[in-house]
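The values are calculated or read from the model by the stated rules, or taken from the named source; none is laboratory data. What you see is a predicted model; the values in this text were computed from it and never measured. Every residue, glycine among them, receives a Cβ derived from its backbone with ideal geometry; neighbour counts consider all protein chains shown.
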Amino acid sequence: PPVGASRACSSCVRTTDVKEVCTQCDRFVCQSCSRLCSCCNRVACSLCSTIDYADVGEQVLCNGCSIFQV
(Lines give C-alpha, C1' and ligand atoms only; values in the text may rest on other atoms or scores of the structure.)
Protein backbone atom coordinates (compact mmCIF):
# COMPACT_ATOMS: atom_id res chain seq x y z
CA PRO A 1 0.00 0.00 0.00
CA PRO A 2 1.04 3.62 -0.40
CA VAL A 3 3.04 5.23 2.38
CA GLY A 4 0.74 6.39 5.17
CA ALA A 5 -2.10 4.08 4.16
CA SER A 6 -3.49 1.86 6.87
CA ARG A 7 -3.10 -1.87 6.56
CA ALA A 8 -5.70 -4.26 7.89
CA CYS A 9 -5.24 -7.87 8.82
CA SER A 10 -6.83 -10.14 6.22
CA SER A 11 -8.16 -12.49 8.92
CA CYS A 12 -9.61 -10.25 11.61
CA VAL A 13 -9.80 -7.01 9.54
CA ARG A 14 -8.40 -4.95 12.41
CA THR A 15 -6.24 -2.05 11.35
CA THR A 16 -3.07 -2.44 13.36
CA ASP A 17 0.63 -2.17 12.88
CA VAL A 18 0.64 -5.21 10.61
CA LYS A 19 4.16 -6.37 9.87
CA GLU A 20 3.66 -9.97 8.75
CA VAL A 21 2.68 -11.07 5.27
CA CYS A 22 1.31 -14.51 4.48
CA THR A 23 3.87 -16.40 2.40
CA GLN A 24 1.08 -18.20 0.53
CA CYS A 25 -1.22 -15.34 -0.58
CA ASP A 26 0.79 -12.17 0.29
CA ARG A 27 -2.06 -10.77 2.41
CA PHE A 28 -1.27 -8.79 5.54
CA VAL A 29 -1.78 -10.66 8.80
CA CYS A 30 -1.43 -9.43 12.37
CA GLN A 31 0.61 -11.26 14.97
CA SER A 32 -2.53 -12.61 16.66
CA CYS A 33 -3.81 -14.20 13.45
CA SER A 34 -0.54 -15.39 11.94
CA ARG A 35 0.31 -19.07 12.06
CA LEU A 36 3.78 -20.57 11.76
CA CYS A 37 3.96 -23.71 9.64
CA SER A 38 5.38 -26.64 11.61
CA CYS A 39 7.04 -28.00 8.48
CA CYS A 40 8.66 -25.04 6.68
CA ASN A 41 8.48 -22.40 9.48
CA ARG A 42 6.87 -19.82 7.19
CA VAL A 43 4.07 -17.46 8.20
CA ALA A 44 0.59 -18.27 6.88
CA CYS A 45 -2.82 -16.69 7.45
CA SER A 46 -5.83 -18.69 8.64
CA LEU A 47 -7.12 -19.03 5.07
CA CYS A 48 -3.85 -20.53 3.83
CA SER A 49 -3.19 -22.97 6.65
CA THR A 50 -4.76 -25.99 8.28
CA ILE A 51 -4.36 -27.60 11.67
CA ASP A 52 -3.52 -31.29 11.60
CA TYR A 53 -4.77 -33.21 14.63
CA ALA A 54 -3.46 -36.62 13.43
CA ASP A 55 -0.35 -36.70 15.63
CA VAL A 56 -0.16 -36.13 19.35
CA GLY A 57 -1.05 -32.47 19.80
CA GLU A 58 -1.81 -30.21 16.90
CA GLN A 59 0.39 -29.23 14.00
CA VAL A 60 -0.08 -26.15 11.79
CA LEU A 61 0.59 -26.71 8.10
CA CYS A 62 0.56 -24.11 5.33
CA ASN A 63 -1.26 -25.07 2.14
CA GLY A 64 2.05 -25.78 0.41
CA CYS A 65 3.15 -28.31 3.02
CA SER A 66 -0.27 -29.84 3.71
CA ILE A 67 -0.43 -31.38 0.22
CA PHE A 68 2.62 -33.50 1.09
CA GLN A 69 1.13 -34.89 4.30
CA VAL A 70 -0.45 -38.32 4.03
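For this structure, a couple of remarks:
- Count - residues of the stretch 22-70 that are in contact with a strand residue (DSSP E or B) (Cβ under 7 Å, 6 or more places away or on another chain), over 13 Å from Cys9 (Cβ atoms) and part of a loop (DSSP other than H, G, I, E, B): 9
- Under the condition of being aliphatic (A, V, I, L, M) and modelled with pLDDT of 90 or more, the residues counted in the stretch 11-70 number 5.
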